[in-house]
Structure formats: structure tokens, C-alpha cells
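Everything below concerns the one structure shown next.
The values are calculated or read from the model by the stated rules, or taken from the named source; none is laboratory data. Worth saying up front: this structure is predicted, and the values here are computed from it rather than measured. Cβ placement follows ideal geometry from the backbone for every residue including glycine, while neighbour counts extend to all protein chains displayed. Heavy atoms of the whole protein, side chains included, go into the accessibility calculation; ligands, DNA and RNA do not. Shrake-Rupley method; radii C 1.70, N 1.55, O 1.52, S 1.80 Å.
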Amino acid sequence: MSTMDYQLTIRTMLERARRFFPRKEIASWTPAGMFRHTYADHYRRVCQLAHGLAALGVGRGDKVATIAWNNHRHLEAYFAVPCMGAVTHTVNFRLPPEHLVYIINHAENKVLLVDEDFLPLVEAVYPKLTTVKAYVIMTDKDHVETRLPGAIRYEELLAGQPDQYPWPEDLNEKEPAGLCFTSATTGNPKGVVYTHRAIVLHAMTICMADTIGVSEKDVLLPLVPMFHVNAWGTPFAAVWMGSKLVLPGAALRDLPAIGRMCQDERVTLTAAVPTMWLGMLQVMAKMDLDLSSLREIIVGGAAAPRSMIETYEKRFDIQICHAYGMTEAAPLSHVCRVKSYMADWSEDARYTVRAKQGLLAPGLEMRVVDQITGADVPADGRTMGEIWLRGPWVADEYYRDERSAQTFVEGWYRTGDVATLDDEGYINIMDRTKDVVKSGGEWISTVELENAIMAMADVAEAAVVGIAHPRWDERPLACVVPRADARDRLTAAAVRDFLGNRFPRWWVPDDVVFVDEIPKTSTMKFDKKVLRSRFSEHYTANR
Ligand code: AMP
């Protein structure tokens, strides 16, 4: 075999961190304070975990589930499991119990590593878990009461195990390394398998200067949960590059604590969905934080409103980078960086670009396809089409799922996202195919409308949904959460007027309802399904 056929496996990341960055730090939040150790310690514990899992009977191709916060033990599983030839199934702890049971059984998980905080979740369903042979509780405590049969503590599993592991030499890069389920519009979640090769190439890509540029100099705080598409691949990139990692643990649900963590650990790079950053704006307005170490915040998972990008930069001097991707693409497919010659453009023109989802990542292929004709849409920045993707880290099926055939067609992954493509190559996501409003045969982008509403000073959050309409099939309805101090002031007419000045008249929602909060999905995105069903008769009742 030529050396150029060298297999791209996750082990290459693990070994590099051990060899070149043994003194670099991993800081992991615990209720008792920051737990700090190094990549040398990390390596030893990864080996011990691999021995412990092998002792529990985990072998090549077996699936090990994790239900855990972003913490050092979860990180150890990220490496021990795939490097020994098994597969890490990162489970979303916000799933309803029936989905939890489905995905664990469907993936035939053999061992389940669970953070103590999530024990009640597992205890509530364990009799229905048909394949799990062993439960391992991730805790600092010496003793934990649990009903889980034969449960063992994580530290007990590691204790006394050798701190070297004979990693399999014959691991093929095409073997599965990770598994992640993504919610479906209806029915059970759908699983996506990541091979070693996909994870390695994706991590290499997010280290490129023109994408996210993860580097040794970075102090990286992944705020995307590690159950959600490998926290966008950031832990892999950080370990590979030897960046200091800050893992927020259960503090993930406490925005002021996250703010302090960024300040105290001198975080340079962090990543999360827009709802998190919208919430953080309110926290930052109240707390006096020194966030000057932050070189950039990566925002993705849902559209980053331009107003939010501008506020971060102008008010707090924090740079935002807008990125786009999905579970099926490990996840990164696009990153928005303005081109060098755009530096001469007006500020307004540059922000217009910055709010787009950006350019295709090097290594991938894309089409933007007219859903009726099947032809590529013109790169005119106006015509909407569905984004199709293919490439070395894009899935070509769902894990043992007959729904695959609807989504993966002739070698392309049909994303279900509707976008425009401009003459510079930047895509702008207008909607999900299932969210776009079809009014009298024309499409209206709910994303454009809600981002405009969120630019109003009196608005905290807003979502726009298509509601059945007797005359136009569907019409947009705006659901708006006013800022706390604007509850008595903000009116539906003000919202409609604001939109009327920015969009064609027929785009303006026929009505605006004020709500206490926009419901969120298990990955903290706006849950439009819930709004659509809550207001399903808004335009038909009493009319
Ligand atoms: P998930 O698989 O849960 O990560 O969700 C992926 C979906 O989130 C994509 O297919 C898009 O619909 C949406 N999404 C991700 N990033 C963005 C973004 N920057 N702008 C708009 N939508 C996004």
C-alpha cells in the first residue's frame, strides 16, 4: 500500500495532541469549580476508558451511547470509542422519552455513558432499552444511587486500567466513528453515520483560515452541545490543533455563567445557535464583562439576523462569523467571509454579505435547484432554489431508514433548504422547504421577514409561519415576543408598517400575534411546527 493511502482516522488527532501539546489545558466546568487537566492526562484517560469499555465487551463496530454535557469525560469518549474501532452515538438529552428509546434501540447501543444529571431520563425508560448491556455513570462522586441495573461509575471503570492502549492498526477510514440523530418533521429521528474519514476531513476544513481557522492559539469554548453534530466538529479540531478547550458542562443553561467563563478563561473562539447569542446580548447589556479575548463567535444552525451581527460588532466589538450546515454534512457546508476586494464596499453592502450563509466550504460540491424544473437556478441573488450537496463529509443515507430514498437522490443530498445564490457565489437561506409560505402560488421567505422584525428595537424574538388562508392558500403570520420594557408599547400596526417599508406589500403578514416566547426545538431553534399548529385556524376561524 502506498503511504498516500494512509488511513485518515481520529487516532491521528489524539496522538498529535499527546505528542506535541501534552501541557495544553482542558478546562471542564463542574459544580465544584473548573476541573483542569492537560492533553497528556486526556490521553491517559482515553486509553483507560478504552480498556474499561473493552472489559465491558465493546468491540469493533459496537455502538456506545453518550448522554452528557460538554465535559471532559464526554471528550474522552469522543476519542476512546472511535479509536478502538467502536462508534460513539451522541444522544440528544432534550429528546422526548419515546424518541430516546427509539434511537438507542435502533442504533443497538451496547453501553450507555450517562452524566449523573441525566440519570432520571434513563431511569424512566431503561426497561424499554433492549440492547444496552451496561450503564456507566459519569460523576465526580464516590457513590451514586440509581435503579439502573449493574450500573458502574465512570471513574471506577477507569481505575487501575493501563494508561496505554493497543489501538487497532488496521482501522479503515471508511469505518463508522460516530452516529447522530436529527429530528424529522414527522416520525422518529433519522440517524447519520460519520466515518473516520468524514470527521477528519471536516475537522481539517474547519481549521482552514478561510473557514473557521481553529488554531493552537485559540481558546475554544464549544457552546453547541456535543450531542449536536459533534459540537460542529470543534472538539476534534481543537484536540488536533492543540487548542486550549473550555468545556461548559451544565453551565450551558446559565448565560451569565457562560459570559464569565468567556472572560475568565480568555476564550478566543466560541460557537452556538442564534437564539443563544440573542439571549447573550441581553446578559451582556446588564453585566460588565471583559470579552476582549474573543476573536470571533461562530453563529449557525439557524439564520443569524443581520441586526444581531451589527449589534455585536458595533456595540460590543465582537466579530461574528455566520456559518451554515446540518447533521447530514457533519455539519459545516458554508461559511461567510467577505472577499478581500469587498473591503472597499460600503458598510451596508458588506453587512448584506455578512448576513448571508456564505461560500461553499472547500472540498464540497453544491447545486441550487429549481424544484419544479430540476434545473440550476441563475446566480442572480433573487431566484430561489433548493440546496443540494455532495462531498466527503456529506451523508448518502440515513442509518437503516427507508426515508433515505426521499432525501438522497442520484448521489446528492437534498437539504430541504431554499436559498438564493448571488453572482459572487454566496448563498442566502430563505427558508426550509417546509416553512416557506406559498401565497397565491408565490413564495415568501419567513426567515427574511422574521430577521427584519428582530431588527426592531422593541422586539426580543420573532418567528413567521405560513397559516392556511381561504383565498391565498397560505398567508404569513408574525409571532412576536416584545422586549420586556416594550410590552405596552409595541403594536401589530407598528410591526406591519415596519415591514411594509421593506418588503413588497404581499409579503407583509396579515396579522401579528404577541407571545411570551417562541417555542424552541431540542436543538434550541425556533419550533415553527408548534406555532403553526397553535395558530392553524387564525385566518380561517370567524372569517
Ligand atoms: P441540524 O441538522 O439540526 O443542524 O439542522 C440543520 C438545518 O438548520 C439546516 O438544514 C437549515 O435549515 C438550518 N440552518 C443551519 N444553519 C443555518 C443558517 N446559518 N441559516 C439558516 N438556516 C440554517
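The Rg/Rh ratio of the chain, with both radii computed over alpha carbons and Rh defined as the Kirkwood radius, is 0.97. Each other residue within a Cβ distance under 11 Å of Lys244 adds +1 if Lys or Arg and -1 if Asp or Glu, for a net charge of +1. For Asp117, neighbours were defined as the other residues whose beta-carbon sits under 15 Å from its Cβ, and their charges (Lys and Arg +1, Asp and Glu -1) total -1.
For the chain, leaving out every one of the GluC sites (Glu not before Pro) that falls in a DSSP loop and has at most 12 other Cβ atoms within 10 Å, the longest unbroken run is 170-401. With N counted as the residues of region 108-224, its alpha-carbon radius of gyration over 2.2 N^0.38 Å works out to 1.37.
Near Ile318: Cβ cut-off under 12 Å, other residues only, Lys/Arg at +1 and Asp/Glu at -1. The net charge is -2. Computed extension gain for Thr30 through Glu108, at 0.36 nm per residue and net of the alpha carbon distance, reaches 25.0 nm. Rolling a 1.4 Å probe over the protein chains gives Arg483 an accessible area of about 90 Å². Computed from the C-beta positions of Ala493 and Glu424, the FRET efficiency with R₀ = 35 Å rounds to 0.40. In region 307-381, the C-alpha radius of gyration followed by the widest Cα-Cα span (Dmax) gives 14.9, 46 angstrom. Starting from the Cα of Asp527, step 7 Å toward the Cβ, then list every residue of region 267-307 with an amide N under 18 Å from that point. Inside the label zone: 273-276, 302. Convex hull volume of the C-alpha atoms in region 305-445, normalised per residue: 136 Å³.
Heavy-atom accessible surface of Leu294, to the nearest 10 Å², is about 20 Å², with a 1.4 Å probe and all protein chains retained.
If you roll a 1.4 angstrom probe over the protein chains with everything in place, what fraction of the accessible area of the chain belongs to carbon and sulfur, to the nearest %? Whole-percent figure for carbon plus sulfur exposure: 49. Taking amide hydrogens as placed 1.01 Å from N in the peptide plane, the amide H of Ala177 sits under 5 Å from those of Tyr194, Thr195, His196, each at least 5 positions away in sequence or on another chain. Accessible-area rank, largest first, for Trp29, Trp240: Trp29, Trp240, with all protein chains present and a 1.4 angstrom probe.
Past the 22 Å Cα-Cα mark, which pairs from Lys24/Lys217; Lys356/Lys529; Lys286/Lys525; Lys24/Lys339; Lys244/Lys525?
On the way: Lys24/Lys217 11 Å; Lys356/Lys529 24 Å; Lys286/Lys525 24 Å; Lys24/Lys339 34 Å; Lys244/Lys525 28 Å.
In this structure, Lys356/Lys529; Lys286/Lys525; Lys24/Lys339; Lys244/Lys525 exceed 22 Å between Cα atoms.
Between Asp485 and Met1, the modelled labels are 6.4 nm apart [label points 7 Å from Cα along Cα→Cβ]. Annotation for region 163-258: trypsin sites (Lys or Arg not before Pro) lying in DSSP loop with at most 14 further Cβ atoms inside 10 Å of their Cβ are Lys174, Lys217.
Rounded to the nearest whole Å², what accessible area per residue is found for the chain with the 1.4 Å probe? Show your work: numbers first, answer last.
On the way: 22470 Å² over 543 residues.
For the chain, the per-residue accessible area is 41 Å².
Inter-part distance, region 463-490 to region 1-37, computed on C-alpha centroids, equals 47 Å.
Using the Cα centre of the chain as the reference point, and only Cβ charges (+1 on K/R, -1 on D/E), how large is the resulting charge dipole? Debye, rounded to the nearest 20.
On the way: 61 positive and 70 negative charges, 89 e Å.
It works out to roughly 420 debye.
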